[in-house]
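For reference, the structure discussed in these notes is given below.
The values are calculated or read from the model by the stated rules, or taken from the named source; none is laboratory data. Remember, predicted model here, so these are calculated numbers, not experimental data. Glycine also receives a Cβ, built like all others from the backbone with ideal geometry; neighbour counts cover every protein chain displayed. To get the accessible areas, we keep the full protein, side chains included, count just its heavy atoms, and leave off ligands, DNA and RNA. Shrake-Rupley method; radii C 1.70, N 1.55, O 1.52, S 1.80 Å.
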Amino acid sequence: MKGPFQYIFRFCCDPGFNDGEEIPALLRYVEEADIDDVAVFANVEEINTGHMDFKEQDVYLAMMEKIRALLAEKGVTMSVNQWHSVMHADLGKTLRPGQNFRLMVDPQGSEASLCVCPLCQEWQAYIAQLYARYAALEPSILWVEDDFRLHNHDPLAWGGCFCSEHMKLYSALAGKELTREEFVAGVLRPGEPHPYRKIWLDVSRETMLSAAGAIARAVRGVSEQAKVGLMSSAPHVHAAEGRDWHALLHTLAAGRPPVDRIHLPGYQENSPSAYLHGFNMVSMLTRAMLPEETEVYPELENFPFSLFSKSRRFTRFQLLSALPMNLSGITIDLYDLNGNGIVWQDGYEQMLRRTKPYLNAMARTGVFQEERLGVQVLYSPRSSYTLHTSKGESMEELYPQEVFFAGLLPAMGVPYAYTGNPRMKRQLVAVSGQVLRNWDAETLTRLFADNFVILNGDASYTLWEMGLGRLAGLERVAWLRQNSGAYAYEQVSNGKEYGGRRNARASAVISCSDAVDVTYAEDAQKEEYTALYDSFRRRTASGQVVVNGRVLIYPFGGFESPVSLPPMLLNRVRQEVLHDVLRTAGAPFPLVCGAPYLEPYCFAGEGGVDLYLVNGSTDSVEAVTLAFPPGAAPAAAQAWPSWEEAPAPQAVSCQAADAAVCVPAAVPSMEAVLLRFSSGRQSPQE
């Protein structure tokens, strides 16, 4: 009987080359790795021949029919992983004779040789027929790959589409005939968005919905049951092409549950802490943007496919750390897509089988379906409509930068949750980038009146530039550039002890960021925690300041990329300052003390608080120290450790330690533990 957590194994077989050996190997693999579903690739990666014709598809259909029947004997279902729609990249290929597809054109006017314009009606009819023929097999899921997008189609500059037909649409909406150069300049114009920006985003959004509808109608015309799943890329990039996540997923679903394969950032193994930065800033935001009922199967991949790329242990770490996304399972892509087949020497199947019981046990608890508690990180899926560009030179300037705190907070032991709703009350809210431009003055006034708000440098500058600086006591905000000599370190200025010393310093050069110099209103009540100093020990600006007891100005910003987390901002002094601010502000959830990269995901459980901890450090944690709200410290907990062979709750007694609680539960490196507290629960956050 299948458990609640599904393994979907993505399987590459080259018909006529290795199918005689690899299909029997697959049947062995599904047993040894405890696989629930096999997604069979078609026309994939190195053995992709371009937009394949239907005669080529017939070969894959025959192989899939055989595989489906053999899997059914083992109680395993089959999915179809068609590898291309628009096409990822040209890679030296061209369209075939008779394929009169309109090709994609980039902002500079270059035309692809293989990647198509997704609004091309002839291509839509072709791709719809491909999917309809797959749907006749009645697979469990028909996957649409992440080339189903406008960006990232090498060798194009950024992507498209600026073809002749799209230019006609843009011109019609603009009310005048536009040149490509004129239109692109308007889309990217610095400052207040030009009306052409909305035209670009609206048309791009409708373009992809049109293509999605063609695929979905074709599938549903053949099969009532087959689900259509989408592989998605980074949300900040999709924002620049106007993606409407809910409309797109529901269009593809065509009456069945939406399905998404969320991108996991570690195609190659890196440090577990760096991996979690990407996971929290990309994968978790994607989950927040999807319809709540979406079945999520993230993409676990180890490109370029061997133990040289990713170890078994790191692969297991990805499985454990992905659970807070509230998953239906995971897709697994571990072996070459060139026809080599399964590599038994790598031993991934043994790790997969050993890890599966814990994944099923966690899914059965229902923890990850509960309400998330933590600092509310504000985002908007429409930010590319409203943000101000600075140079107006590239499409990358349309990428929102709103996820900074989702990387910083958990690394410092602070639970967080994404929210797209600014109409909250009695919350701790973290704001970065230009996200505030998405709402009117009345909405923002209520946001600041009803909550404790943390603003980074970009958000502080945005609020002031919008003429709403009064909401945070800001009279003037100016940028100080990193490594310009304006500041070299941040120093504690409130007389408290942090990091074991008074007047503690935290460096702010080299691997830090820009910072804002704020002039506060005369009537603002300031509680300064730190100040910025230059190399000559001269104070040059305020640092972290709580204004009117309601706003924390966190001065750093101007980051290099939308998913940048400068390493200089992570240290014990800054962690303890942040914890002090949050506890004073009345944080109604536990904080992880010390223990760098012991990252917490907090949930409002029935009768208590549930805390899932992932250790992204290469050091093990011998015991967990938590700071609970006053009067809410629990006396006991249940611990579900990931490293035990048979997952089961273990009773542990909590020990008071100063203003914190010590939970005697060790967490080895790259492992996880679920702590369920039966007391100390706060009221669910609104």
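Residues in segment 649-671 that are assigned to a loop (DSSP other than H, G, I, E, B) and more than 17 Å from ASP610 (Cβ to Cβ): ASP658, ALA659, PRO664, ALA666, PRO668, SER669, MET670, GLU671. Considering segment 267-299, and only residues there that are among the aromatic types (Phe, Trp, Tyr) and open to solvent by less than 40 Å² (accessible area, probe 1.4 Å), the residue that is farthest from LEU327 (Cα to Cα) turns out to be TYR275. Restricting attention to segment 352-390 and to residues that are among the hydroxyl-bearing types (Ser, Thr, Tyr) and within 17 Å of PHE317 (Cβ to Cβ), the residue that is surrounded by the most Cβ atoms within 10 Å (Cβ to Cβ) turns out to be TYR358.
With respect to being farther than 30 Å from PRO235 by Cβ, at pLDDT 95 or above and polar (S, T, N, Q), THR618 falls outside the description.
Consider segment 653-672 and keep the residues that are among the aliphatic types (A, V, I, L, M) and more than 19 Å from LEU591 (Cβ to Cβ). The one that is most open to solvent (accessible area, probe 1.4 Å) is ALA666. Sort out which residues of segment 511-553 are over 20 Å from ASN451 (Cα atoms), without any contact (Cβ under 8 Å) to a residue 60 or more places away in the chain, among the β-branched types (Val, Ile, Thr) and surrounded by fewer than 23 Cβ atoms within 10 Å (Cβ to Cβ), and write them in order of number. Of everything in segment 511-553, just one residue is over 20 Å from ASN451 (Cα atoms), without any contact (Cβ under 8 Å) to a residue 60 or more places away in the chain, among the β-branched types (Val, Ile, Thr) and surrounded by fewer than 23 Cβ atoms within 10 Å (Cβ to Cβ), namely THR519.
Residues are listed down the side, and each one gets a yes or a no for (1) more than 30 Å from GLN350 (Cβ to Cβ); (2) open to solvent by 40 Å² or more (accessible area, probe 1.4 Å):
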site	(1), (2)
VAL30	no, no
ALA69	no, yes
MET78	no, no
HIS88	yes, no
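When residues in segment 339-356 are screened for being touching a helix residue (DSSP H, G or I) at 6+ places or on another chain (Cβ under 6 Å) and hydrophobic (A, V, I, L, M, F, W, C), 2 of them pass.
Checking each residue in segment 611-627 for being under 26 Å from the mean Cα position of the chain (by Cα) and closer than 14 Å to LEU675 by Cβ picks out LEU611, TYR612, LEU613, VAL614, ASN615. Residue count for segment 598-608, restricted to those that are within 17 Å of VAL663 (Cα to Cα) and either open to solvent by 10 Å² or more (accessible area, probe 1.4 Å) or at pLDDT 95 or above (or both): 5.
Applying the condition of being open to solvent by 10 Å² or more (accessible area, probe 1.4 Å) and of a type in the set (A, V, I, L, M, F, W, C) to segment 429-447 and asking which residue is nearest to the chain's Cα centre (by Cα) yields TRP439. Among the numbered conditions (1) open to solvent by 10 Å² or more (accessible area, probe 1.4 Å); (2) in contact with a Ser or Thr (Cβ under 7 Å, 6 or more places away or on another chain); (3) small (Gly, Ala, Ser); (4) within 18 Å of MET362 (Cβ to Cβ), tell me where ALA646 comes up short. Failing condition for ALA646: (2). Would you mind stating whether PHE405 is buried (at least 23 other Cβ atoms within 10 Å of the Cβ), assigned to a helix (DSSP H, G or I) and not polar (S, T, N, Q)? Taking the combined requirement at face value, the residue satisfies it. Restricting segment 614-643 to residues that are assigned to a loop (DSSP other than H, G, I, E, B), open to solvent by 60 Å² or more (accessible area, probe 1.4 Å) and in contact (Cβ under 8 Å) with a residue 24 or more places away in the chain, the residue that is nearest to ALA660 (Cα to Cα) is ALA633.
Let me confirm something: among ALA234, ALA185, ALA240, which residue is open to solvent by 30 Å² or more (accessible area, probe 1.4 Å) and more than 18 Å from LEU142 (Cβ to Cβ)?
Values: ALA234 fails: open to solvent by 30 Å² or more (accessible area, probe 1.4 Å); ALA240 fails: open to solvent by 30 Å² or more (accessible area, probe 1.4 Å).
Answer to the check: ALA185.
Scoring TYR487 on the criteria (1) open to solvent by less than 20 Å² (accessible area, probe 1.4 Å); (2) outside any loop (DSSP other than H, G, I, E, B) leaves a single failure, condition (2). The number of residues in segment 455-508 that are among the hydrophobic types (A, V, I, L, M, F, W, C) and either within 25 Å of VAL375 (Cα to Cα) or at pLDDT below 95 (or both) comes to 13. Applying the set (1) under 28 Å from GLN376 (Cα atoms); (2) in a loop (DSSP other than H, G, I, E, B) to LEU675 leaves exactly one unmet item: (2). Looking only at residues in segment 490-510 that are within 13 Å of VAL577 (Cβ to Cβ) and among the polar types (S, T, N, Q), the one that is most open to solvent (accessible area, probe 1.4 Å) is ASN503.
Residues that are assigned to a loop (DSSP other than H, G, I, E, B), more than 27 Å from the chain's Cα centre (by Cα) and under 25 Å from ASP90 (Cβ atoms) within segment 8-49 comprise ASP14, PRO15, PHE17, ASN43, ASN48, THR49, listed in sequence order.
Being assigned to a helix (DSSP H, G or I), without any contact (Cβ under 8 Å) to a residue 12 or more places away in the chain and open to solvent by 70 Å² or more (accessible area, probe 1.4 Å), is that true of even one residue in segment 196-203? The answer is no, given that none of the residues of segment 196-203 is assigned to a helix (DSSP H, G or I), without any contact (Cβ under 8 Å) to a residue 12 or more places away in the chain and open to solvent by 70 Å² or more (accessible area, probe 1.4 Å).
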